[in-house]
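The values are calculated or read from the model by the stated rules, or taken from the named source; none is laboratory data. Fair warning: this is a prediction, and the values are worked out from it, not measured in the lab. Here Cβ is always computed from backbone atoms with ideal geometry, including for glycine, and neighbour counts include all displayed protein chains. Just the protein is used for accessible areas: all its heavy atoms, side chains included, with ligands, DNA and RNA removed. Shrake-Rupley method; radii C 1.70, N 1.55, O 1.52, S 1.80 Å.
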Amino acid sequence: MHRAVQRMLVVLSIALPACERAQPGDDPRADPRDTRVVELGATIYAQNCAACHGARLEGQPQWQRRLPSGRMPAPPHDETGHTWHHPDRMLFAMTKDGLVPPYAPKDYSSDMPAFRDKLTDDEIWAVLAYIKSHWKSREVLATRAEMMRNLERQ
């Protein structure tokens, strides 16, 4: 019996960390389970993102319709938007560099600034962790995981 318990512990020590690994498309630097990083991200988001994307990540009204300027309103980052459809590396690049190719058409005009000169990479990852900490429904998490797996197969 003692030997069986030892074997079980060895199996669990290998299997459990694998279960906790990030899903495909996720970057460990944007881990929504890391409360320290999420708290930092909340502060940075409030200072740099909430004015456009909303204090509760709700985005601007009618975010799916063009403004008179031809630009798109800031989308929500909660589960009602499409942010969760994108892999972390894409969200990071769009935040750092703004909406430029390959993430937007050439000559696309957007109100989304590049944060390259304002935030460090770690601060951008923290904001993404904060945003991701709001994606909690089973449906969104399962759909995101499937989408990210499909992206990795391409």
remark   = Sorting Thr83, Thr43 on solvent-accessible surface, 1.4 Å probe, most exposed first, gives Thr43, Thr83
query = Under the Kirkwood approximation for Rh and a Cα-based Rg, what ratio Rg/Rh is obtained for region 60-154?
reply = 0.97
message = Would region 102-154 count as rounded, prolate or oblate if I go by the C-alpha gyration tensor, calling it rounded below 1.5 in a/c and otherwise prolate when a/b exceeds b/c, oblate otherwise?
response = oblate
query = Using mean Cβ contacts within 10 Å as the protection proxy, how do 87-95, 61-69, 134-142 order, highest first?
reply = 87-95, 134-142, 61-69
ask   = Thr43: net charge of surrounding residues, Cβ under 15 Å, Lys/Arg +1, Asp/Glu -1, itself excluded?
value = -2
request  = Can you spot the lysines whose alpha carbon is less than 20 Å from Lys132's alpha carbon? Ignore those fewer than 8 places along the same chain.
outcome  = Lys96
